[in-house]
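Here the structure comes first, spelled out in C-alpha cells, and everything after it is commentary.
The values are calculated or read from the model by the stated rules, or taken from the named source; none is laboratory data. On a predicted model such as this, the values are computed, not experimentally measured, just so you know. Please note that ligands, DNA and RNA were not included when accessible areas were found on the heavy atoms of the full protein model with its side chains. Shrake-Rupley method; radii C 1.70, N 1.55, O 1.52, S 1.80 Å.
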Amino acid sequence: GAFKTGITMTITTLVALTTGYFITDSLVLRGIFLIIIIALIVDLFTTWFMNTSILIRYCKKKGIL
C-alpha cells in the first residue's frame, strides 16, 4: 500500500509540475519547475531502491527470504 501511495503522489506532482512548466511564460518559474521535476525523478529511484535493499536485508535477517 505504501508503494502505491508514494508512487501516486509522486506521479501526480510530476504531472502538475510538467503542466506548469509548459504553461508558464516566466523563465524563473520554468527553472524552478525543471529543478523540482529532476529532483523528484532522482528521488523516486533513490528512495525506492534504498528501501528495497533495506527490506531485503531485513527479510534475510529474519529468515523470511
- Message: Between helix 27-62 and the chain, what is the angle of the helix's C-alpha long axis to the longest principal axis, kept within 0 to 90° and rounded to the nearest 10?
- Response: 0
- Query: What's the Cα-based Rg to Rh of the chain, Rh via Kirkwood?
  - Reply: 1.21
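Carbon-plus-sulfur fraction of the accessible area of the chain, 1.4 Å probe, in percent?
75
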